[in-house]
Amino acid sequence: MNTTILRKSVLGIAGLAFAGGLAAGPLNHATTTDTGTVDARPVAAVQADNTVDAGKLIPHGVQGTQSRIDLDAEQTANAKAIIAATKKAGLDERAAVISIGTALQESKLQNLGHLGDRNDHDSLGLFQQRPSSGWGSPEQITDPEYATTAFLKGLRQVDGWQDMPLTDAAQTVQVSAYPDAYAQWEQQAADLVAQHWNS
């Protein structure tokens, strides 16, 4: 067998195993900094010429204890839709991390319709946006591309969002009753962006 073909096969299998590890959980070493934040920068998936700059995903490390959920096919498709809309808007990987982290907190990446008595006012969709607050019609904000674009429009209006912790940037756009809750999803959001940004 040609050694070049063999080498490419081995690298391809190693790349798949590495990407699979990212899907199963973070591949990083977490340390606590002097400021009390956890420096847990994700290891970016690297396959052939497709690379993600890990420094762009979580530039200042995560804050606090991190949560993680197993995603089904629909939730994964919604994460990919957020990434696609972020790219279409001309924004980078960090914007996708903030968007996915926000959607993880708001809906666990489920495109939620009206939940009856359990509904928070008239909140709908991945980002739990409200038609009565001007986010769009129910049909619009339950469309993942539209909802992401609307969220990103709000994010762009936040001065210095690129340098903010995820929870601060998300809270400025979302105005949640639980402003610190977004922080717990930063690592999983970064892992999803690393896994799917170039797919």
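The values are calculated or read from the model by the stated rules, or taken from the named source; none is laboratory data. Keep in mind the model is a prediction, meaning the values are calculated, not measured. Cβ placement follows ideal geometry from the backbone for every residue including glycine, while neighbour counts extend to all protein chains displayed. With ligands, DNA and RNA removed, areas are computed over all heavy atoms of the protein, side chains included. Shrake-Rupley method; radii C 1.70, N 1.55, O 1.52, S 1.80 Å.
Report ³J(HN,Hα) in whole Hz for each residue of segment 156-171, in order, from the Karplus equation J = 6.51 cos²θ - 1.76 cosθ + 1.60 where θ = phi - 60°; Gly and Pro get x.
The phi angles translate into 4, 7, 8, 4, x, 4, 4, 9, 8, x, 3, 4, 6, 5, 4, 5 Hz.
Arg68 accessible area, nearest 10 Å², 1.4 Å probe?
Surface open to solvent at Arg68 totals about 80 Å².
Rank these by accessible area, largest first, 1.4 Å probe: His60, His196.
Most to least solvent-accessible, the answer reads His60, His196.
Given points 7 Å out from each Cα along the Cα-Cβ axis, report the Lys88 to Gln110 separation in nanometres with one decimal.
Distance between the two pseudo-spin positions: 2.5 nm.
For Val175 and His60 in the same chain, what is the full-extension length gain: residue separation times 0.36 nm, less their Cα-Cα distance, in nm?
Extending this stretch completely gives an extra 39.2 nm.
Work through the residues other than Pro138 whose Cβ is under 11 Å from its Cβ and net out their charges, Lys, Arg +1 and Asp, Glu -1.
-2
Can you work out ³J(HN,Hα) from phi for every residue in segment 101-110, in order, using Karplus 6.51 cos²θ - 1.76 cosθ + 1.60 and θ = phi - 60°, giving whole Hz and x for Gly and Pro?
Once rounded to whole Hz, the list reads x, 5, 5, 4, 5, 6, 9, 6, 6, 9.
Near the amide H of Gly125, under 5 Å away, which other amide H atoms are found, from residues 5 or more places off or on another chain, if H is placed in the peptide plane?
Leu112, Gly113
Return the long-range amide H neighbours of Met164 (sequence gap of 5 or more, or a different chain), with a cut-off of under 5 Å between placed amide H atoms.
Amide H neighbours of Met164: none.
On the full set of protein chains, 1.4 Å probe, figure out the accessible area of Thr65 and give it in Å² to the nearest 10.
120 Å²
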